1. Please give, to one decimal in nm, the separation of the simple spin-label points placed at Asp279 and Gln201, each 7 Å out from Cα toward the Cβ.
2. Taking 7 Å along the Cα-to-C-beta vector as the label spot, tell me the Asn183-Ser337 distance in nanometres, rounded to one decimal.
3. Sequence gap at least 6, Cα distance under 8 Å: using those rules, report the relative contact order of the chain to the nearest whole percent.
4. Please work out the Kirkwood hydrodynamic radius for the chain, using every pair of different C-alpha atoms, and report it in angstroms with one decimal place.
5. Report, in listed order, any pair from Lys89/Lys153; Lys265/Lys374; Lys89/Lys182; Lys182/Lys345; Lys153/Lys265; Lys89/Lys265 with a Cα-Cα distance greater than 29 Å.
6. Apply the Karplus curve 6.51 cos²θ - 1.76 cosθ + 1.60, θ = phi - 60°, to the phi angles in the range 346-360 and return the couplings in whole Hz, x for Gly and Pro.
7. Identify all lysines with a Cα-Cα distance to Lys292 below 17 Å; exclude those on the same chain that are fewer than 8 residues away in sequence.
8. Rounded to the nearest 10 degrees, what's the angle between the helix 380-396 long axis and the longest principal axis of the chain, both from Cα atoms, 0 to 90?
Amino acid sequence: MRILCVSLEFGDPLFSGNGTLTRSLVASCLAEGHSVLVACGKWKETIGPTLPDSFCSDKMNSGSLQVAPVLLDSWYRTDKHCAYEQFAKGAEEIAPRVAEYGPDVVLLVDWTALLILERLTHVSASSVPVVSYIFCLYQCLSNNTEDDIQFYKDVEDRLCDRSRSILCLCPRDARVLEGRYKNRVYCLYPPLRRDVYSSAQAWSPPQSWPQHRRYFACVVRLHPQKNVALFVEVVARLESLLRESDITPLLCGSSVDPTYSSQIKSRLIQIFPESIIKDFLAPAELCDLFQKTLLNFHPALYEAYGMTVAEAAAFEVPSVLHTSDIGVSDFLQPAASQSFSCDFKDIDSITNQVRTLLANPSLLAEVGRNARQKSLSWEERSFGSELTRLLHDATATVHSCPVK
């Protein structure tokens, strides 16, 4: 099958889970024997190839993976403040390559991809089926204004109207769309990316689980949408306990909003000067940090999924999540002792729960082991097989698959 995949974030430098997941998606398709042409953004400041040599170089050499980059003036965002208009205009540049490629199916990642398709008139006017994969339903973001909601709803409605099949990362987003797009919406969890899966499989959990773990971690993009200020507030309230227990706060994530990032980092260092702050890390570095982490704190109030929660779980790190609207909690379920949940709108409640958890390493270890088992059960091979089935269904007939 020849797949045209359109995703704003795919090339270096990666800055969010969108790029990470798109790479997993493409790698899974290639492993299933498909060919893929990826239309993606490329930051004008990037020097060198769009992708690192380590990413499916054999597939690129054989021609089964092709990349059609669109140069963009700005990077590090996928919301309405990204270079989406410039990305859309890039359709003119890549149109000849797409026409020559002749896709059997078009796979659109989020709303920005639709804007490219709408300008690829020879494709959009054809009978080539379109499948949308909604990594994030932006109209549901917790810090949206009314104008934001209307903007995203308009473009996401167009995206779904144009799609024969609609894939979502979590049941919550699927349920939002199910009423209008019955029998076209399907929930497909993202896989554990290959390099993290390989590292986790090669890692042998030590017998003395808590003794070598010292981090209370928060691994998210430093943006108001992720509610990172909550992590800082919890650290402030638990400073004495953290010091007495020799536990160090760890904040790791790309700085999408410079002003917000600077405020968060400064506040954390002011409260706990020994805190460790890292930017967006390569998988090997991230895996090393997770092996030294006691508890992962994921502060968002809404999250389509939350890949770092599953990646932490691969190394027996349990996570504490908001009680609702966090996609990964449908996969790593609190009720199955695969994660913890709490009302993140109640600062006293969450502080007390984290205090209790940090004082109970045997519980952390038990939930961590459960989380690891579940996390390792869903990797790129399993994901690729299911995605292939869905794409074949879309090319064969009008897809009819209920929300699961």
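The values are calculated or read from the model by the stated rules, or taken from the named source; none is laboratory data. Computed from a predicted structure; not experimentally measured. All Cβ positions, even for glycine, are placed from backbone atoms using ideal geometry, and neighbour counts span all protein chains on display. Areas reflect the complete protein model, heavy atoms only, side chains present, ligands, DNA and RNA absent. Shrake-Rupley method; radii C 1.70, N 1.55, O 1.52, S 1.80 Å.
1. Calculated label separation equals 3.2 nm.
2. Between Asn183 and Ser337, the simple spin-label model gives 4.3 nm.
3. Worked out over the chain, it gives 17 percent.
4. Details: mean 1/r = 0.0461 Å⁻¹.
One over the average 1/r among Cα pairs gives 21.7 Å for the chain.
5. From the list (Lys89/Lys153; Lys265/Lys374; Lys89/Lys182; Lys182/Lys345; Lys153/Lys265; Lys89/Lys265), the Cα-Cα distance tops 29 Å for Lys265/Lys374; Lys89/Lys182; Lys182/Lys345; Lys153/Lys265; Lys89/Lys265.
6. Rounded to whole hertz, the list is 10, 5, 5, 5, 5, 5, 5, 5, 4, 4, 5, 5, 5, 8, 10.
7. In chain and number order, the partners are Lys278.
8. Once rounded, the angle reads 30 degrees.
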